[in-house]
1. Rounded to the nearest 500, what is the 222 nm mean residue ellipticity of the chain from helices alone, with -39500 (n - 2.57) per DSSP H run of 4+ residues and division by all residues?
2. Among Ala31, Leu16, Cys51, pick out the residue whose Cα is farthest towards the positive end of the charge dipole of region 13-79, where Lys and Arg carry +1 and Asp and Glu carry -1 on C-beta, about the Cα centre.
3. Cα-based Rg (one decimal) and Dmax (whole number) for the chain, in Å?
4. Give me the three principal axis extents of region 1-54 from the C-alpha atoms, as integers in angstrom, largest value leading.
5. Dipole of the chain, Cα-centred, from +1 at each Lys and Arg C-beta and -1 at each Asp and Glu C-beta, to the nearest 20 debye?
6. Count charges around Gly72 for me, please; just the other residues with Cβ under 14 Å from its Cβ, Lys/Arg as +1, Asp/Glu as -1.
7. If you fit an axis through the alpha-carbon atoms of helix 83-94 and take the longest principal axis of the Cα set of the chain, what angle between them do you get, 0 to 90°, nearest 10?
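Laboratory data are not the source of any read-out in this text; all were calculated from the coordinates shown. Not measured: the values here are computed from a predicted model. So basically every Cβ, Gly included, is an ideal-geometry build from the backbone, and we count neighbours across all protein chains shown.
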Amino acid sequence: MNKKQITTELQKANPLTMKEAKFIVETVFKAITEGLLKGKRTEIRGFGSLCIRQRKPRAARNPKTNTNIAIGERSVVYFRAGKELLNKVNKKKAA
C-alpha cells in the first residue's frame, strides 16, 4: 500500500476532502520522520514501533569484481510489529 492508497482509504472512511486526507497523512509521516531524525523512538499502539539502530562497520565483497570493500558504520530504521498486528497477521495466515 502506498501513500496515495492510504490517503484514499482515509478519505473514504471519513467525511474528509482528498486535500484534508492528504494533509493528515503527510503530517503523520513528517512527524514520524522528524522524530526518528532526532533519535526518538516512535510507537503506534497496536501497530508497532520504529527506532534508529546503528550498524557496525564491516567487510563485504563486491560480487561483480570479487573484491573486498569496507562498509562504514551507518544508521538504519528498525521496525518491530506490535502484538495486536502480529496476532491479526498470524490468524489470517492460519485461516
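1. Numbers: 3 runs with 43 residues, N = 95.
Value at 222 nm, helices only: -14500 deg cm²/dmol.
2. Cys51
3. Rg and Dmax of the chain, Cα atoms, are 18.9, 58 Å.
4. Computed over the Cα atoms, the extents are 40, 21, 17 Å.
5. Numbers: 23 positive and 7 negative charges, 87 e Å.
Result for the chain is approximately 420 debye, rounded to the nearest 20.
6. On the way: positive: Arg55, Lys56, Arg58, Arg74; negative: Glu73.
For residues surrounding Gly72, the net value is +3.
7. With rounding to tens, the tilt is 90 degrees.
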